[in-house]
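**Student:** This structure is in structure tokens; I'll ask about it shortly.
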Amino acid sequence: MIPRSPISELINNKFKIIKKIKPKNILDLCTGSGCIAILCSYIFPKSKIDATDISSKALYVAKKNITLHKVKNINLIKSNLFNKIKKKYDLIITNPPYINRKDIKYLPKEYKYEPYISLVSSKNGTFLIKQIIKQSKKFLSDNGYLICETGHQKNNIIQKFPNLKFKWIKLKNGTKGIFIINKKKLN
């Protein structure tokens with residue numbers, strides 16, 4: 001995964017953080033090149049995975065990667081967040097754009113190969129994450145989980161949603177900007 005999302009560590013650990021769940025339906029929201037959906041397919045080969053993105057170019061690359069990996073349980077959907085989603089998921093996983101416009105110039109070189117739309121979200125970087133948090137409850141199964149990478153926006157998200165009980169995942173690489181939350185805790 002380039003740029004390397006810390007979500008890959010969760011996937012490589014087979015989502016031990018949510019041991020009880022065997023997701024039948026997974027949504028990879030803002031899939032980009034499809035890396036997260038493909039890794040989920042290897043971990044959960046019996047799951048049905050929808051991978052969405054607003055970008056036709058991203059979905060084209062995702063389709064090529066899915067074909068390359070010969071996975072059969074991923075369905076690509078062109079969608080602006082949840083606007084084309086019609087079902088519920090046991091797991092929604094997302095690495096949405098969260099860089100603010102003025103910080104784009106400080107990113108490491110490897111990020112410069114990524115499309116601008118895949119990195120930048122609004123002036124302060126939190127717009128898409130806030131939309132995902134507000135809308136995801138409608139698209140989660142009763143015991144479903146939302147996993148979202150927020151990067152350096154962690155404190156901004158905590159301030160915007162002071163009543164939500166996010167569980168911030170500690171990863172071996174020291175990354176702290178990924179939360180998990182159960183549908184029941186999304187109020």
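**Student:** Name, by its number, the condition in (1) in a loop (DSSP other than H, G, I, E, B); (2) touching a Leu at 6+ places or on another chain (Cβ under 8 Å); (3) not polar (S, T, N, Q) that does not hold for Lys165.
**Tutor:** (2)
**Student:** Go through the residues of region 126-146 one by one and say whether even a single one is in contact with a Pro (Cβ under 8 Å, 6 or more places away or on another chain), modelled with pLDDT under 85 and in a loop (DSSP other than H, G, I, E, B).
**Tutor:** No.
**Student:** Hey, among Asn155, Asn182, Asn143, which residue is in contact (Cβ under 8 Å) with a residue 60 or more places away in the chain and among the polar types (S, T, N, Q)?
**Tutor:** Asn143 is the lone residue from the list that is in contact (Cβ under 8 Å) with a residue 60 or more places away in the chain and among the polar types (S, T, N, Q).
The values are calculated or read from the model by the stated rules, or taken from the named source; none is laboratory data. Being a predicted model, the structure only gives us computed values, none of them experimental. When we count neighbours, we look across all protein chains shown, and the Cβ atoms used for this are built from the backbone with ideal geometry, even at glycine.
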